[in-house]
1. Considering segment 17-38 alone, what residues qualify as being within 16 Å of the ligand (Cβ to nearest atom) and either surrounded by fewer than 21 Cβ atoms within 10 Å (Cβ to Cβ) or at positive phi (or both)?
2. So which residues in segment 189-203 are among the aromatic types (Phe, Trp, Tyr) and part of a helix (DSSP H, G or I), if there are any at all?
3. Please determine, by comparing only the residues of segment 43-65 that are out of contact with any Lys or Arg (no Cβ under 8 Å at 6 or more places or on another chain), part of a loop (DSSP other than H, G, I, E, B) and more than 9 Å from the ligand (Cβ to nearest atom), which one is farthest from Asp21 (Cα to Cα).
4. Looking at Pro73, is it within 19 Å of His120 (Cβ to Cβ) and in a loop (DSSP other than H, G, I, E, B)?
5. All but one of (1) of a type in the set (Val, Ile, Thr); (2) away from the ligand (no atom under 13 Å from the Cβ); (3) over 19 Å from Gln296 (Cα atoms) hold for Thr202; which doesn't?
6. Filter segment 143-174 for residues that are loosely packed, with under 15 Cβ neighbours inside 10 Å and of a type in the set (A, V, I, L, M) and give the result.
7. Go over the candidates Leu112, Leu106, Leu129, Leu177 one by one and state the one that is surrounded by fewer than 20 Cβ atoms within 10 Å (Cβ to Cβ) and within 11 Å of the ligand (Cβ to nearest atom).
8. Applying the selection to segment 266-293, what residues are among the hydroxyl-bearing types (Ser, Thr, Tyr) and either modelled with pLDDT of 95 or more or crowded, with 19+ Cβ neighbours inside 10 Å (or both)?
Amino acid sequence: MSRYVSETPVLLIGAGMIAHDQILPALLQMRREGAVGEVTVCSQRNSSVEALAQAPMLRRAFPDVDFRAALDPTASSDEPRPEHYRSLLAELPERSVVVVAVPDQLHRRVVLDALCASQHVCCVKPLVLRVADSLEIEREARARGLLVGVEYHKRFDPRSIMARDRYRSGQFGEFKLGTARLMEKWHYRDSNFQNWFAADATDSFVYIGCHYVDLVHFVTGLLPTAVSVYGILDELPNGDRGYLWTDARVLWENGACLNVQNSLSFPDAAPGPNTQGMTLYCTGSGRGALLEHSDQYRGIAYSFGEAASGPGGTQYAEPSPDYFLYQDLGGPGLVPTGYGVRSVRHIVEEAIRVEREADSEDRRRAIIAAIESAGILATPSNSRYNEAVCEAARESIADGGRLVAVPRSE
Ligand SMILES: NC(=O)c1ccc[n+]([C@@H]2O[C@H](COP(=O)([O-])OP(=O)(O)OC[C@H]3O[C@@H](n4cnc5c(N)ncnc54)[C@H](O)[C@@H]3O)[C@@H](O)[C@H]2O)c1
């Protein structure tokens, strides 16, 4: 149960895959526990919100919890209304919480609009794609004493916390060489992704490689200095071309090098929702040291009588109970758990705590400064190396993988 009761309303902007799979269940569980007030969901199209309201898994898990599906009454189901969220921001009481889950290239506008409406913000990663945009967001947030949390949920995976603790206590020595991969399933291409994954907007490294760049910093405290991203263009089902395969090389301030491969290519017939993991080779105490995470195989192997239904459903499966799991604890419904849930919850709870504990502007700023300097919750200022890497990566990929210096992120 929650540590406190709160009536703070939450507005979720964006009703796509991540909203269904992680964000909305986390918010509805908080609502169930009395940790937040009304949860409202809006999107560019009424049809996405309607699909969430009808989603079988959400209905099964939350028969006892409602959310407000904020449809635009002036639009037909599939008519895009990209500005609709603004009317909902206008009616939200100031200093509530807005969760932003729209495509990467739209984060800047939506986050700034939320801040200008005096709302705390939780934004899915990557916060924005340029250092200047991150600085702008930080300025707006600071001016109003608002918290912006970036939802890098791998930080809330216990294995990341264990690695950080052991690395920072010196047990691994110094990171020198590393390799990481995160390949999403092939069928992602058929989803709404194709509408925002064109080569001029984003790429596989910026979309998912950023998790491992963030994780290496989270574990080691090192900052990236240069990046080279080689991308392979491939055709999306709608005819657009996107960098659906990327190979990145990230250099760090101590001379270390991390190779990160990303794609939307993991076979639909392969087990697990994706393949991902990281190995860091370190100096140890003059003997070498190694940190290896298999981030999709969590020790469970199932071979079903029949292949599971739906895209990517397989007969042999390696499900991860750690990221997100619906647990039957006797009802009503199901309880979502996992680091994806903890991550959203932590950011929303910290935003609410700022309001609960602050009795002055100075106190509010002091609480936010303490959250930033603790370095667990990612904020614009303490995770700006991610925007710096994204910015350099976009330049590099457009230039065939040229090594580009990562701009200073302060
Ligand atoms: N592992 C992760 O951390 C992870 C995983 C998936 C997605 N994400 C991030 O989440 C974001 C969304 O990804 P997704 O997979 O849900 O994508 P998606 O395409 O499935 O959904 C995007 C949603 O945003 C809505 N939208 C677009 N423009 C809008 C606007 N102007 N106003 C309101 N809504 C608007 C769309 O209608 C859709 O509902 C991306 O930034 C992505 O990088 C993170």
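The values are calculated or read from the model by the stated rules, or taken from the named source; none is laboratory data. What you see is a predicted model, and the numbers here were worked out from it, not measured in a lab. Here Cβ is always computed from backbone atoms with ideal geometry, including for glycine, and neighbour counts include all displayed protein chains.
1. Residues satisfying the conditions are Met17, Ile18, His20, Asp21.
2. Phe193
3. Step by step, filter segment 43-65, then rank; the result is Pro63.
4. Taking the combined requirement at face value, the residue does not satisfy it.
5. So Thr202 meets the others, but not (2).
6. Listed by number, the residues that qualify are Ala143, Met162.
7. Result: Leu106 is the single residue among Leu112, Leu106, Leu129, Leu177 that is surrounded by fewer than 20 Cβ atoms within 10 Å (Cβ to Cβ) and within 11 Å of the ligand (Cβ to nearest atom).
8. Thr275, Thr279, Tyr281, Thr283 - these are the residues of segment 266-293 that are among the hydroxyl-bearing types (Ser, Thr, Tyr) and either modelled with pLDDT of 95 or more or crowded, with 19+ Cβ neighbours inside 10 Å (or both).
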